[in-house]
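Q: A single structure is presented below for examination.
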Amino acid sequence: MEEFYKRKLPHMQPKGATLFVTFRLAGSLPQAVIERLTADRRAELRIATTNEDRYLADRRHFGRFDEALHLSNGPDYLQQPALAQIVADSLHYRDQCVYRLDAFTILSNHTHLVFAPLQKDLNPDGTPQYHKLSKIMQSLKRHTANECNKLLGRQGTFWQAESYDHIVRDGAEWERIIHYVLNNPVKAGLVTEWWEWPYTYCRSDWQSDLREDEL
């Protein structure tokens with residue numbers, strides 16, 4: 001059974017799934033850009049006839065969305081080391097408590113995150129109950145927003161309310177997403193090797209293999 005919740009976008013969380021989440025600073029994309037990206041996605045989905053077509057349309061939409069974030073002239077608070085460290089520490093703090101943390105990359109205006117929510121309890125029928133994505137993100141955003149705003153001496157919204165989240169379908173897709181996340185700073189021209197970026201993380205039991213792959 002899947003957990004389902006909805007804000008502006010639908011979100012689904014199959015029990016035991018690994019998730020790829022991207023969350024960004026408030027105001028990091030102009031409304032006109034968001035509307036254009038949304039219109040492009042809707043146009044592609046209208047002509048999609050299979051689940052695979054819809055999956056590929058969503059992949060293309062995310063690629064355009066991520067590219068727009070890299071080109072954005074909006075807030076870039078996370079380029080400040082102290083603020084990026086707050087986010088990194090918060091992501092690590094929840095590892096093995098509410099999720100298994102696989103990888104993340106923190107850039108100037110957004111964060112890519114791969115994790116699997118852990119089992120929380122058992123339902124009355126004996127089936128496992130997992131920590132909900134919505135609760136994880138609310139807690140993470142609330143804490144990091146408060147701490148970052150303190151350092152910035154500002155008030156107001158820090159994170160965009162919506163996050164992009166995607167269910168990792170299988171091992172091959174997990175590997176592709178991990179490579180994408182870790183290679184993001186390289187793609188942005190910030191470093192030449194993924195492990196040189198100070199705000200990139202990958203579980204230690206996979207790091208040597210990924211280095212050999214030469215992202």
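The values are calculated or read from the model by the stated rules, or taken from the named source; none is laboratory data. The model shown is predicted, which means the values in this text are computed figures rather than measured ones. When we count neighbours, we look across all protein chains shown, and the Cβ atoms used for this are built from the backbone with ideal geometry, even at glycine.
Q: So if I check each of 120, 132, which one is among the charged types (D, E, K, R), touching a residue at least 60 places away in the same chain (Cβ under 8 Å), surrounded by fewer than 21 Cβ atoms within 10 Å (Cβ to Cβ) and not assigned by TED's automatic domain parsing to the domain that holds residue 66?
A: Matching residue, one of 120, 132: 132.
Q: On to the next question. Which of the residues belonging to region 145-165 are closer than 30 Å to residue 57 by Cβ and crowded, with 18+ Cβ neighbours inside 10 Å?
A: 159, 160, 163, 164, 165
Q: Also, quick follow-up: Going through region 147-185 one residue at a time, which ones are modelled with pLDDT of 95 or more, farther than 14 Å from residue 21 by Cβ and of a type in the set (A, V, I, L, M, F, W, C)?
A: 148, 151, 152, 158, 182
Q: Same structure again: Looking at region 60-77, which of the residues that are of a type outside the set (D, E, K, R) and exposed (fewer than 15 other Cβ atoms within 10 Å of the Cβ) is nearest to the chain's Cα centre (by Cα)? Walk me through how you get there before you give the answer.
A: As a first pass, look at region 60-77 and keep what is of a type outside the set (D, E, K, R): 61-63, 65, 68-75, 77.
Checking the rest, the ones that are also exposed (fewer than 15 other Cβ atoms within 10 Å of the Cβ) come to 63, 70-71, 73.
On the way: 63: 13, 70: 15, 71: 18, 73: 20 Å.
Here the answer is 63.
Q: Identify, please: which residue in region 70-93 is outside any loop (DSSP other than H, G, I, E, B) and modelled with pLDDT under 95 and is, among those, farthest from residue 146 (Cα to Cα)?
A: That would be 71.
Q: Now for a different question. Working carefully through the options 105, 38, find the one that is β-branched (Val, Ile, Thr) and not assigned by TED's automatic domain parsing to the domain that holds residue 143.
A: When all the criteria are applied, what remains is 38.
Q: A further question follows. Which residues, taken from region 152-178, are within 12 Å of the chain's Cα centre (by Cα) and farther than 17 Å from residue 104 by Cβ?
A: Across region 152-178, the qualifying residues are 162, 167.
Q: Using the structure shown, decide if residue 60 is of a type in the set (D, E, K, R), farther than 24 Å from residue 157 by Cβ and outside the structural domain of residue 22 (by TED's automatic domain parsing).
A: It is true that residue 60 is of a type in the set (D, E, K, R), farther than 24 Å from residue 157 by Cβ and outside the structural domain of residue 22 (by TED's automatic domain parsing).
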